[in-house]
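For reference, the structure is listed below as structure tokens.
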Amino acid sequence: MPGMDGSKRILVTGANGFIGKALCGRLVSDGWLVNGAVRSGKAAQIAAGVTAVEIDGVHTDTDWEKALRAVDTVVHLAARVHVMKNDTDDPLIAYRKINVEGTENLARQAAAAGVRRFVFLSTVKVNGEESWGPFAETDTPAPVDSYGISKMEAERKLHQIAAETKMAVVILRASLVYGPGVKANFLKLLQTVDRGTPLPFAGVKNQRSLIYIENLVDAIAACIRHPNASGQTYLVSDGDDVSTPELIRMLSASLHKPSRLFTVPGLCLYIAGRLAGKGPTMDRLIGSLTVDTSKIRAELGWTPSFTLAKGIEETVAWFRGCDASSR
């Protein structure tokens, strides 16, 4: 935490993103001096009170000297995330350039600059794409896609750097993040439910872990300040696992729309997803992926402030209050 004079400074990469904006706002209110790293031309998108530091991207040649000046802690959020239409013959190479090599470059410069702690936002996808019971931090990593593989490799690089230097590393593997400002698949589901589109998931019996944006920000804050976090890896979620039909019903209720669920056998959904070229998306809708959050609760005393129901309510309120162009 910042000292009595509020002198400690923190660097947040990806400061203009969905998670970055929320985290920077929280850190400023907590009294940190915040450097927000953003790509050139994006400085206007960061939270109030944050010092923008423009970079040309996260890669092996990025010069972090200015961004790291007088910095005590780094929270590394910036990453190449899920790209629906890859413009490269080898997606893993593209992911590695940013998520592995770019992360390693930042971490080595941070250690050389005297940074005390490096908090890395990773993903449950390092554990795998589907679980038959809650994933735990002790499970053997089994990433499937290029994004998950690159995040696993980045984690390993960071542990290596921590072993070679005095900089402590903390890894936070997040479940699917949702909340005001959410994009990608969660926003698409919101839009689909809002349109009243019939959905064939009434018979799905899966369980999924999610995490509300403010719960994730609070977990990151705990990893920044708590001495027990040094060198640890944590899985995080709201703690209220939910099936796909339950989630759709919750969204429908908050939107004041009928859920329009009907039943199609799981095998038919699986086949239809692949025939439509939407296999991974369908797998997420019908498969289970849950996490055990007991480690971060026990070691850091962290508990989510928002229930799933409250998080859904806040997300829908944002969705209903903004026009389509701003979503």
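Overview of values
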{"item": "Burial order of peptide ranges 118-129, 60-71, 221-232, 287-298 (average beta-carbon count within 10 Å, highest first)", "result": "118-129, 287-298, 221-232, 60-71"}
{"item": "Potential extension, THR192-ASP145 segment - 0.36 nm per residue separation minus Cα distance", "result": "14.3 nm"}
{"item": "FRET efficiency, 1/(1 + (r/R0)^6) with R0 41 Å, evaluated for GLU164 and ILE271 via beta carbons", "result": "0.25"}
{"item": "Gap separating the Cα centres of the range 265-327 and the range 8-27, nearest whole Å", "result": "23 Å"}
{"item": "Under 25 Å from the Cα of LYS8 - lysines, other chains or at least 8 residues apart", "result": "LYS21, LYS42, LYS66, LYS166"}
{"item": "R0 of 56 Å, Cβ-Cβ distance SER243-ALA48: FRET efficiency to nearest 0.05", "result": "0.90"}
{"item": "ALA309 paired with ALA253, simple spin-label distance in nm, labels 7 Å along Cα-to-beta-carbon", "result": "0.6 nm"}
{"item": "Those aspartates and glutamates that a straight Cα-Cα span of less than 15 Å connects to LYS295, excepting residues fewer than 8 apart in one chain", "result": "GLU137, ASP139, ASP238"}
{"item": "Segment ASP30-VAL264, extension gain: residue separation times 0.36 nm, minus the distance between their alpha carbons", "result": "79.3 nm"}
{"item": "Reachable lysines, given that their alpha-carbon falls under 27 Å from the alpha-carbon of LYS278 and they are not under 8 places away in the same chain", "result": "LYS85, LYS97, LYS125, LYS151, LYS183, LYS188, LYS205, LYS257"}
{"item": "Candidates VAL193, VAL74, VAL170, ranked by Gaussian network fluctuation over the chain, Cα under 10 Å, top entry", "result": "VAL193"}
{"item": "Distant-in-sequence amide H partners of VAL53 (H built 1.01 Å from N, under 5 Å)", "result": "GLY36, ALA37, VAL38"}
{"item": "Long-range HN-HN contacts of PHE135 with modeled amide H, under 5 Å", "result": "THR290, VAL291, ASP292"}
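We did not get these values from a lab; they are worked out from the coordinates using the rules stated. The shown structure was predicted, so the numbers you read here are calculated from the model rather than taken from an experiment. Every residue, glycine among them, receives a Cβ derived from its backbone with ideal geometry; neighbour counts consider all protein chains shown.
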